Amino acid sequence: MSGAKTGKASLWPMVARRVGSAALTLLLVSMVIFAIAGLLPGDAAQEALGQSATPEQVAALRHEMGLDQPAPVRYARWLSGMVQGDAGQSLVAGMPVGAIIAERLPNTLMLAGMTAVLAVPLALIMGITAAIRRGTWIDRAINLASLSMVALPEFLVATVGVLIFSVKLMWLPSIAMVSAEASWSDTLRSCALPILSLTVVVVAQMARMTRAAIADQLDRPYVEMARLKGASLSRVVLGHVLPNCLGPIVNAMALSLSYLMGGAIIVETIFNFPGLASLMVNAVTSRDMPLLQACAMIFCSAYLLLMLVADMVALLANPRLRAQ
Amino acid sequence: MKRSISLLAGAPLATRIAAGFVGFWLVLAVAGPWVAPHPVGAFVDQDVFSGLSARFWLGSDYLGRDVFSRLLYGARYTVFLGLGAALLAACCGTTLALWATLSGGMVDEIISRAMDTLISIPSKILALVLVAACGSSLPLLLLICALTYVPGNFRIARALAMNLAALDFVAAARARGERKFAIALHEVLPNMIHPLLADLGLRFVFVVLLLSGLSFLGLGVQPPYADLGSLVRENISGLTEGAPAILAPALAIAVLTVGTNLLIDALKPEDKR
């Protein structure tokens, strides 16, 4: 009883420490991104006014934009703006960055969510099957397939998908149209190819890590014990092994889903999907630094959040991790 | 070297095929310009996006240029930029890792924290921000790709070096009064070279994917140069016709990366089941 009590008592400080550590990392990440963006040769004021501007005009705009202040002051102002949800003005669109992002973010979340709904069960099935049938041809086939899928470039998957499903079979549109008026089935149809491409890209890593986690547990004595008691293999895996590797599996899921962010950059661009990643590519092309910084911060926050959640799940699922 | 060859001779068929693909690309990347049947920028075909033929093995591209010749030239940029960036990333990452491990204390703390920060920025996002800030000339692309993968290599090398540094022979070398540099070079590094080589191969795959992804977005290798990713981009309008001009370079990248990945996996010394 008392052991359980101390276990509970020591959980909250650990959670707080992890949250604090993630917040510190996010702060450092924001410094890195701000610093890199500051490397830009020439400055935003010069760029906005063009070549014909007089030095006085440039100086005036620099002052207005706060560019004549030292970097730490600008950083502090930018950071406090970001925290309050004001990411500044887009240099190209002339709109608040927040408004542009608010329009795109739901699309990207929807794409990521639907991909996860498809990819996570698929990866679990592949990983569990490979682990149970270790050493058989099924295991080798899944291993070979996932090793190959990890190394496939996203644009190959996407272009082959377009070639098969929209050019040859004409089942699916090759451009993803998303609008508020479109019905659910229409949205789903037009997003089917992006979702499929992203699934191919993320499912392999998840399946491999799931297999590794389960295969590691299958060698433990408790599995042998359960088998000797007469429990069926599926029961042992689902009832005994799976709960024990919840931590590593969730970690694999989080890592792969965070990869969705990066993978989405190419896939969103190919399908003209109006999401955050293609917005970021546009920001790079037009060198719209405020927009770029905001997008990068959102992606990094999402990554850190996923890692934090995976960490928490591992902590809750495995009491031994709370021991120290 | 001899060992890896004898390893390959007794390896299963799939491994030898993978090794063949990788070797094939390395040879093509070096010998490309001498093998190419047509000049790289010449408009040699009346048709655009023509199919496979005896004269143009892989058809022609959107301007009527020979795809096969362009592929051979493009492979050079992909392979050499990839190798260069992977080597640079591995050298920087491993050097930092050895320095951090053997110094310990504050140095380790600071380097590790910095690398943890960089690793929390998804690699494509970091590369995009860097390209936006610095531009994308060939040397810059090499540096950007290298920098993006330093933290990943650092993390692996540090874990390896940490395990080794705790062993007796390192303690003995320290007690002999050897300098940190000598310990790193003679005691620690030779014992972690195999996993590091595997990691180097993996970084190469990542760099090739990142680089061709950037080029595909139009943010990587800039005209007049073209790597395999640029070739996919410039021929994207041939997609509806299923032109070989777009599929060939994309498949070429896949053969290179998948082959490397399978080869690394096969050469891994007895994976723990």
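The values are calculated or read from the model by the stated rules, or taken from the named source; none is laboratory data. Here the structure is a predicted model, which means the values were calculated and not measured. Here the Cβ positions follow ideal geometry from the backbone for every residue, glycine too, while neighbour counts run over all protein chains shown. Calculation scope for accessible area: heavy atoms of the full protein, side chains included, ligands and nucleic acids excluded. Shrake-Rupley method; radii C 1.70, N 1.55, O 1.52, S 1.80 Å.
Figures for the structure shown
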| item | result |
| --- | --- |
| Residue among B:Arg76, B:Arg155 that alone is charged (D, E, K, R), within 14 Å of chain A (Cβ to nearest Cβ), surrounded by fewer than 24 Cβ atoms within 10 Å (Cβ to Cβ) and touching a residue at least 24 places away in the same chain (Cβ under 8 Å) | B:Arg155 |
| Failed condition for B:Val221, given (1) more than 8 Å from chain A (Cβ to nearest Cβ); (2) within 20 Å of B:Leu143 (Cβ to Cβ); (3) not in a loop (DSSP other than H, G, I, E, B) | (3) |
| Qualifying residues in segment B:229-241 (those that are of a type outside the set (S, T, N, Q) and facing chain A (nearest Cβ under 7 Å)) - the one farthest from the chain's Cα centre (by Cα) | B:Leu239 |
| Selection count where residues are over 16 Å from the mean Cα position of the chain (by Cα) and not small (Gly, Ala, Ser), scope segment A:89-111 | 9 |
| Selection count, segment A:66-115, where residues are open to solvent by less than 40 Å² (accessible area, probe 1.4 Å), under 22 Å from A:Val284 (Cβ atoms), among the hydrophobic types (A, V, I, L, M, F, W, C) and in a helix (DSSP H, G or I) | 6 |
| Residue list for segment B:128-141, filter: in contact (Cβ under 8 Å) with a residue 12 or more places away in the chain, under 17 Å from the mean Cα position of the chain (by Cα) and either within 11 Å of chain A (Cβ to nearest Cβ) or surrounded by fewer than 21 Cβ atoms within 10 Å (Cβ to Cβ) (or both) | B:Leu138 |
| Subset tally (residues that are open to solvent by 30 Å² or more (accessible area, probe 1.4 Å) and either more than 7 Å from every other protein chain (Cβ to nearest Cβ) or more than 21 Å from A:Ser256 (Cβ to Cβ) (or both)) for segment A:289-313 | 10 |
| Residue within segment A:128-146 that is over 26 Å from B:Leu247 (Cβ atoms), within 12 Å of chain B (Cβ to nearest Cβ) and hydrophobic (A, V, I, L, M, F, W, C) present | yes |
| Identity of the residue in segment B:81-99, surrounded by fewer than 23 Cβ atoms within 10 Å (Cβ to Cβ) and farther than 23 Å from B:Thr257 by Cβ, that ends up nearest to the other protein chains (Cβ to nearest Cβ) | B:Leu96 |
| In segment A:250-288, the residues that are open to solvent by 10 Å² or more (accessible area, probe 1.4 Å) and not in a helix (DSSP H, G or I) | A:Asn272, A:Pro274, A:Ser286, A:Arg287 |
| Filter result for the condition that a residue is under 12 Å from A:Arg211 (Cβ atoms) and small (Gly, Ala, Ser), over A:Ala131, A:Ala141, A:Ala119 | A:Ala131 |
| Of all residues in segment B:242-259 being at the interface with another protein chain (Cβ under 8 Å from one of its Cβ atoms) and part of a helix (DSSP H, G or I), the one that is nearest to B:Ser60 (Cα to Cα) | B:Ile246 |
| Which listed residue, of B:Ala266, B:Ala226, is more than 9 Å from every other protein chain (Cβ to nearest Cβ) and either without any contact (Cβ under 8 Å) to a residue 60 or more places away in the chain or crowded, with 21+ Cβ neighbours inside 10 Å (or both) | B:Ala226 |
| Residue selected from segment A:215-241 under the condition assigned to a loop (DSSP other than H, G, I, E, B) and of a type outside the set (Asp, Glu), by the criterion most open to solvent (accessible area, probe 1.4 Å) | A:Lys229 |
| Residue check for B:Ile125: within 12 Å of another protein chain (Cβ to nearest Cβ), closer than 26 Å to A:Val281 by Cα, modelled with pLDDT under 90 and open to solvent by 40 Å² or more (accessible area, probe 1.4 Å) | no |
